[in-house]
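See structure below.
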Amino acid sequence: MIDKGIVRGWLKGLKMSDEDCERLEKLSSKHGGNIFQAILSEKTLSEEEVMDFLSAQLEVPTLNLHSLQSNPEVLKLLPKKFVEQHKVIPVAHIGKMLTVATSDPFKLRIYDDIKHLTGCNVSMVLASPSKIAAAIDDYYSESKNFDEFVTEADAEGLEVIKEDEKEGGNVVKTGADDAPVIKMVNFILEKALKSRASDIHFEPYEKEFRIRYRIDGALKESFSHALDLYPAIVARVKIISQLDITEKRVPQDGRFRLILKEKQVDFRVSVLPTYYGEKMVLRVLDRGGIRSGLDKLGFTDKPTRALAEAVKKPYGMILVTGPTGSGKSTTLYSILNTLNTPQKNLMTVEDPVEYQVEGITQTQVQPEIGLTFASGLRALLRQSPDIVLVGEIRDAETADIAVKAALTGHLVFSTLHTNSAAGAMTRLMDMGVEPFLIASSVVCVAAQRLLRKICPNCKAPSPVPPEVLRRCKLPEGELAKVTAYKGKGCAKCNMTGYFGRTGASEVLLVDSDIRELVIQKKSSNVIHQLAVEKGMETLFENALGLFKSGVTTLEEVLRVSSQE
């Protein structure tokens with residue numbers, strides 16, 4: 001128990017009124033007489049303020065657990081149940097000294113228990129309760145107790161269906177009596193969906209393997225274990241993906257469908273031989289992500305209106321550009337969904353087929369048997385299509401056929417890997433397509449990127465670092481009246497400060513002046529400049545607008561775009 005006089009003095013230091021002191025003293029009885037736990041539970045002050053104050057008064061250092069890479073051997077020194085019960089976590093072990101992070105430095109009996117359990121002397125550092133909870137979740141609930149969760153976890157209501165099977169066919173269900181490896185794989189898949197992961201990485205190394213999830217574009221390690229389990233996990237994924245479990249020397253690709261609580265999710269599987277075993281990457285293709293309508297994609301009004309105007313054209317080519325993972329396929333399928341009517345014949349040629357959509361005829365490219373983008377597109381055009389989606393224009397032959405299809409009365413959609421909308425024109429020229437054909441066929445090019453959104457749960461005003469402002473190359477005073485926000489980091493966003501993503505884009509509508517520049521073989525910079533003069537909002541301006549409205553940070557804006 002802390003002396004009341006000392007506590008009163010501390011509370012005065014925190015600028016608490018006498019009424020606040022009396023109220024918190026009464027409330028502290030619920031927290032074992034610890035008034036600081038009462039302050040934290042009431043959120044009278046932020047966790048950081050309380051920890052910084054205690055650090056100064058007790059001369060105990062604070063530690064940012066989020067930036068610490070914990071040693072598995074140190075974590076094993078304390079049992080999971082003890083750590084979860086007392087909300088402490090071991091962070092370092094040197095000789096006979098064990099350093100433990102806590103948010104409550106007044107629970108002195110715990111340190112005697114830790115000394116008894118480990119045989120070590122205990123030193124203390126302070127960390128906020130939310131960061132300790134997140135660290136416990138990371139290090140104990142998942143990766144460091146892989147065996148334990150296999151025996152406890154039961155993926156409830158989970159079904160895995162092989163890709164070529166219909167409903168009512170052979171459905172693999174998970175139950176309490178299933179083999180541990182089956183429960184393990186299903187648990188990993190279910191956690192991926194709950195974590196909003198877009199990819200799952202299975203990676204073997206010399207002595208262990210690890211599993212990482214890509215969440216909001218960033219990879220996060222979730223599980224690791226000794227390598228003995230890994231061959232069984234690979235075999236299980238191969239079985240449900242209908243791959244050859246005996247072939248370990250060449251890459252393989254497959255897919256399967258998972259049903260969780262009546263929600264269907266497709267997984268695309270890529271297996272690659274590596275030095276220590278086969279690495280697997282599973283791409284999560286959530287059908288719920290394909291929203292019908294441009295207004296539901298999350299773009300701002302100006303580029304959405306421009307793209308909607310282009311989609312109304314009866315024929316021509318509409319291109320979406322951007323790096324891998326920028327949401328190009330989702331954008332194109334959302335557009336196709338709005339055009340998917342019984343009166344239209346929609347056909348695609350893709351590598352691979354990302355989303356399976358009813359009402360659209362989809363063709364998978366298979367180069368090993370001669371079914372390439374070019375040959376597939378050529379055959380597809382003999383099927384009387386109204387609207388055509390070419391997964392990606394990769395070579396001159398595909399580009400030439402797609403351009404000519406757009407000129408002969410078809411509405412053609414495709415993707416290109418260029419940095420800007422104007423860059424698509426010069427990219428097609430580089431592929432050997434005649435400038436006059438490009439000028440006549442392309443009606444619109446959209447360039448897009450995905451930015452992480454600030455977590456609404458821990459969002460707070462935060463000044464922008466001077467070096468970030470300098471990188472923006474903006475006129476002095478432009479951001480003077482803008483309130484910048486940043487996520488402090490909480491359990492909901494895994495201490496990243498970001499939760500979810502949104503899109504930024506620039507949409508170049510091709511008019512007679514732009515066509516003239518293309519015919520003259522002008523550079524992408526000249527085309528871009530004219531488009532801006534005609535009112536095109538650049539990718540940087542669009543992303544900066546998201547920062548000004550408090551959706552994202554300036555660091556994210558600069559990560560995906562630049563002020564030229």
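The values are calculated or read from the model by the stated rules, or taken from the named source; none is laboratory data. Model, not experiment: these values are computed from the prediction. FYI the Cβ positions are ideal-geometry reconstructions off the backbone, even for glycines, and counts take in every protein chain you see. These area figures cover heavy atoms from the full protein model, side chains too; ligands, DNA and RNA do not enter into them. Shrake-Rupley method; radii C 1.70, N 1.55, O 1.52, S 1.80 Å.
A few comments on the model shown:
- Test: residue in segment 336-344 that is outside any loop (DSSP other than H, G, I, E, B), over 24 Å from ILE438 (Cβ atoms) and either β-branched (Val, Ile, Thr) or in contact with a helix residue (DSSP H, G or I) (Cβ under 6 Å, 6 or more places away or on another chain) (or both): yes
- Residue count, segment 314-359 (criterion: modelled with pLDDT of 90 or more, among the β-branched types (Val, Ile, Thr) and closer than 17 Å to SER384 by Cβ): 2
- Counted residues, segment 111-143 - those being hydrophobic (A, V, I, L, M, F, W, C), open to solvent by less than 20 Å² (accessible area, probe 1.4 Å) and at pLDDT below 85: 4
- In segment 470-500, residue surrounded by the most Cβ atoms within 10 Å (Cβ to Cβ) [restricted to those that are under 26 Å from the mean Cα position of the chain (by Cα) and closer than 26 Å to GLY535 by Cα]: CYS472
- Subset of segment 97-132 [more than 14 Å from VAL50 (Cα to Cα) and either among the hydroxyl-bearing types (Ser, Thr, Tyr) or assigned to a loop (DSSP other than H, G, I, E, B) (or both)]: THR99, LYS107, TYR111, THR118, GLY119, CYS120, SER123
- Residue in segment 501-517 that is most open to solvent (accessible area, probe 1.4 Å), counting only those that are under 22 Å from THR331 (Cα atoms) and not charged (D, E, K, R): LEU509
- GLY550 vs. criteria at pLDDT 90 or above, at positive phi and open to solvent by less than 50 Å² (accessible area, probe 1.4 Å): yes
- Residue within segment 225-237 that is out of contact with any strand residue (DSSP E or B) (no Cβ under 6 Å at 6 or more places or on another chain), part of a loop (DSSP other than H, G, I, E, B) and not hydrophobic (A, V, I, L, M, F, W, C) present: no
- In summary, ALA197 fulfils each of the numbered conditions (1) under 30 Å from THR552 (Cα atoms); (2) at pLDDT below 90; (3) of a type in the set (Gly, Ala, Ser) with the single exception of condition (2).
- Subset of segment 243-263 (residues that are of a type in the set (S, T, N, Q), in contact (Cβ under 8 Å) with a residue 12 or more places away in the chain and loosely packed, with under 15 Cβ neighbours inside 10 Å): none
- Options VAL403, VAL349, VAL353: the member that is among the aliphatic types (A, V, I, L, M) and part of a strand (DSSP E or B): VAL349
- Check on GLU392, on the phi < 0 side of the Ramachandran plot, outside any loop (DSSP other than H, G, I, E, B) and open to solvent by 10 Å² or more (accessible area, probe 1.4 Å): no
- As a summary of the residue check, PRO352 satisfies the conditions (1) surrounded by fewer than 19 Cβ atoms within 10 Å (Cβ to Cβ); (2) touching a Ser or Thr at 6+ places or on another chain (Cβ under 8 Å) except for the one numbered (2).
- Taking the numbered list (1) open to solvent by 70 Å² or more (accessible area, probe 1.4 Å); (2) closer than 22 Å to GLN448 by Cβ in turn, GLN520 passes all entries but (2).
- The residues of segment 514-541 that are out of contact with any helix residue (DSSP H, G or I) (no Cβ under 6 Å at 6 or more places or on another chain), of a type in the set (D, E, K, R) and either part of a helix (DSSP H, G or I) or closer than 14 Å to VAL442 by Cβ (or both), listed by number, are GLU516, GLU533, GLU541.
- Of the listed requirements (1) at pLDDT 90 or above; (2) touching a strand residue (DSSP E or B) at 6+ places or on another chain (Cβ under 9 Å); (3) assigned to a loop (DSSP other than H, G, I, E, B), THR483 misses just one: (1).
- Any hit, segment 314-323, residues being more than 22 Å from LEU509 (Cβ to Cβ), surrounded by 18 or more Cβ atoms within 10 Å (Cβ to Cβ) and either without any contact (Cβ under 8 Å) to a residue 40 or more places away in the chain or not charged (D, E, K, R) (or both): no
- Scanning segment 340-349 for residues that are open to solvent by 10 Å² or more (accessible area, probe 1.4 Å) and under 16 Å from ALA405 (Cβ atoms) gives LYS344, ASN345, MET347.
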